[in-house]
Amino acid sequence: MAMTIIRITIGVIFISHGLARFYYQSIPGFGQFLSSSGLPFGLALAWMVTIGEIISGSLLVLGKFVRYCCIFHALVICGGIAMVHLSKGWFVVGHGSGGIEYSVLILAVLFLLFRESEKSI
């Protein structure tokens, strides 16, 4: 039961991130950031991440393809750590701003969900 709550919660968090980019029309800006960071096809990658967050987050909520969803989200989070958060230190708020602590927590949750889903295979 506890892992189900965690899985649904993290799924909703990912869905909200993807939907927010639609609502705030920030996909082009995200694509420009990715391109300026040296990644090819920044806009296409921004769309892929955004759609992926919505679809994969929804699959997590439904408990479907959990292991694949965890891998997808872990890759996105690791990219965010490398490209944005690591240079800002540990703390997200308080003694710093924009750091990695939240991302590390998400990675830990994804790892637990990945391992837990292994038992149901």
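Here are some notes:
- Scanning the range 25-41 for residues that are closer than 17 Å to G80 by Cβ and outside any helix (DSSP H, G or I), we see that the one that is modelled with the highest pLDDT is S26.
One line per residue, one yes/no per condition, for (1) surrounded by 15 or more Cβ atoms within 10 Å (Cβ to Cβ); (2) among the β-branched types (V, I, T):
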| position | (1), (2) |
| --- | --- |
| Q32 | no, no |
| C69 | yes, no |
| I77 | yes, yes |
| V93 | no, yes |
| L105 | no, no |
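- From G57, G63, G99, G52, residue being in contact with a His (Cβ under 9 Å, 6 or more places away or on another chain) and touching a residue at least 40 places away in the same chain (Cβ under 8 Å): G57
- Filter result for the condition that a residue is without any contact (Cβ under 8 Å) to a residue 12 or more places away in the chain and either assigned to a helix (DSSP H, G or I) or surrounded by fewer than 14 Cβ atoms within 10 Å (Cβ to Cβ) (or both), over A20, A46: A20
- Candidates V92, V61 - the one that is outside any helix (DSSP H, G or I), among the aliphatic types (A, V, I, L, M) and under 29 Å from R115 (Cβ atoms): V92
- Residue tally, condition more than 18 Å from I13 (Cα to Cα) and under 13 Å from the mean Cα position of the chain (by Cα), over the range 86-103: 0
- The residue that is most open to solvent (accessible area, probe 1.4 Å), counting only those in the range 107-121 that are at pLDDT 95 or above and hydrophobic (A, V, I, L, M, F, W, C), is F111.
The values are calculated or read from the model by the stated rules, or taken from the named source; none is laboratory data. Note that the coordinates shown come from a computational prediction; the quantities given were computed from them, not determined experimentally. Using ideal geometry, Cβ is built from the backbone for each residue, glycine included, and neighbour counts are taken over all protein chains shown. Surface accessibility is based on the protein's heavy atoms, side chains included, excluding ligands, DNA and RNA. Shrake-Rupley method; radii C 1.70, N 1.55, O 1.52, S 1.80 Å.
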